[in-house]
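The structure appears right after this line, and notes come after that.
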Amino acid sequence: MLPKDSQDRKKAAISTNLKQSALDTHLREPTAIEKVVLYTDQLFHEAAIKWLITTNQPLQAVEHPSFKKMIDIASRASKGVIIPN
């Protein structure tokens, strides 16, 4: 290579290296992670009351054997419960 050409290439390489590169290709939106709420008796009690009121259920609904069975099954789920629509 010619001496001037190699000097020009060195200058071009140095000026290219001095420029800050963009992070746009490295950044991305975080995926939504559903927050798992830890179980407490108080929290379950509040949720049951809210369910009774908002769905207009009789108070005896939470005492029904099928409701208790459903809750017992759901309580054993290790990865949450998906309720079919």
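How many nm separate the modelled label positions at R28 and V81, each set 7 Å beyond the Cα in the direction of the Cβ?
Output for this residue pair reads 3.4 nm.
Which of the lysines could be linked to K69 by a straight reach, that is with a Cα gap under 28 Å, when you skip same-chain ones fewer than 8 residues away?
Filter leaves K35, K50, K79.
Test of understanding: what is the full-extension gain from K68 to D8, defined as 0.36 nm times their sequence separation minus their Cα-Cα distance?
Answer, rounded to one decimal: 13.6 nm.
Laboratory data are not the source of any read-out in this text; all were calculated from the coordinates shown. Keep in mind that what you see is a predicted model, and the values were worked out from it rather than measured. With ideal geometry, Cβ positions are generated from the backbone for all residues, glycine too; neighbour counts draw on all protein chains shown.
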